[in-house]
Amino acid sequence: RDVVQHGQTIAVGGFGLCGIPEALILALRDSGTRHLTVVSNNAGIDDWGLGLLLHTRQITKMISSYVGENAEFERQYLSGELHIEFVPQGTLAERLRAGGAGIPGFYTRTGVGTPVADGKEHKDFDGVTYLLERGIRADVSLVKAWKADRAGNLIYRKTARNFNPMVATCGRVTIAEVEQIVEVGELDPDAIHTPGIFVDRVIVNATPVKRIEQRTVRV
């Protein structure tokens, strides 16, 4: 309650429903904060993840790579209720990483000659045209990790790592949702993905739901 405010930019880790900080998203919904700009690869599904914040109309703008499986996301966009800044997936990852590294902008070829390039500075290097993309700094970052120690060092599990390491570094305040906390010194230093210097708070969600976005079975 002393962190989130109306009108903030919130960066959220995850890809679809994989590696999303579900308990923190629920807490953000329950906080009642509105007019949020949310930076995330997509917005989950209609009834889970960031889709819950779309239903409560707490999000004004999404900075995302795709609409995904979320019909409400699509409806609000097409009706003009929600502004979306579409960003190529690799560019989004690098914008988050650059923001966390203190890099205000970088040039990339991705998007040249497409609507992604509209309004952006173009520059030629060695006869090739590039776009200037800005690094992203968020007021608050919400990430999901598998394990943390009490110093805030984080380890992600398998594909749940996805956008979480970049999101963790770009927030002025970073809150991590983890499945377990161990004592300092119990984590192998070589296994740590996000150093605790980037993490301000850690909460435990020992039994996450881990829903499947698209279930495919063999008959």
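What the Cβ-Cβ distance of ASP124 and GLU81 gives, at R0 = 35 Å and to the nearest 0.05, is a FRET efficiency of 0.35. Between THR114 and ARG201, what is 0.36 nm times their sequence separation minus the Cα-Cα distance? Round to one decimal in nm. That works out to 27.3 nm of additional length. Note on surface exposure: LEU96, LEU52 rank LEU52, LEU96 by accessible area, highest first, 1.4 Å probe. Counting protein heavy atoms only, the range 104-219 has 49 percent of its accessible area on carbon and sulfur, 1.4 angstrom probe.
Taking θ as phi - 60° and the Karplus parameters 6.51, -1.76 and 1.60, the scalar couplings of the range 128-135 work out to 10, 8, 10, 9, 8, 10, 8, x Hz in sequence order, x denoting glycine and proline.
Highest mean first, the peptides 99-107, 55-63 sorted by other C-beta atoms within 10 Å per residue fall in the order 55-63, 99-107. Take every Cα pair under 8 Å whose residues are at least 6 apart in sequence, average their separation, divide by the length of the range 42-124, and the relative contact order is 23 percent.
Taking the chain as the region of interest, the number of lysine pairs whose Cα atoms are within less than 29 Å, with members eight or more places apart or on different chains, is 9.
Short-range pairs are left out: with C-alpha atoms under 8 Å and at least six residues apart, the relative contact order of the range 82-162 is 26 percent. Here the range 125-204 was treated as a single set of alpha-carbon atoms; its pair distances binned every 5 Å from 0 give 3, 16, 26, 21, 12, 6, 5, 5, 3, 2, 0 percent. Extension gain, ARG34 to VAL173, is 48.2 nm, computed as 0.36 nm per intervening residue step minus the present C-alpha separation. Secondary-structure-derived ellipticity at 222 nm for the chain, considering helices only, amounts to -5500 deg cm²/dmol, per-run term -39500 (n - 2.57) for DSSP H runs with n ≥ 4. Just want to confirm a number: the relative contact order over the chain, from Cα pairs under 8 angstrom separated by 6+ residues, in percent. Across the chain, relative contact order equals 21 percent. Given their separation in residues at 0.36 nm each and the Cα-Cα distance between them, GLN180 and LYS158 gain 6.3 nm when the chain is fully extended. Near the amide H of LEU50, within less than 5 Å, lie the amide hydrogens of GLY44, ILE45, all on another chain or at least 5 residues away, with H placed in the peptide plane. Measuring with a 1.4 angstrom probe and ignoring ligands and nucleic acids, GLU85 comes out at about 50 Å² accessible. Applying 1/(1 + (r/R0)^6) with R0 = 30 Å to the Cβ-Cβ distance of LYS61 and GLU213 gives a FRET efficiency near 0.85.
The values are calculated or read from the model by the stated rules, or taken from the named source; none is laboratory data. Just so you know, these numbers come straight off a predicted model, no measurement behind them. Because the Cβ atoms are built from the backbone with ideal geometry, glycine has one as well, and the counts that use them run over all protein chains shown. Areas reflect the complete protein model, heavy atoms only, side chains present, ligands, DNA and RNA absent. Shrake-Rupley method; radii C 1.70, N 1.55, O 1.52, S 1.80 Å.
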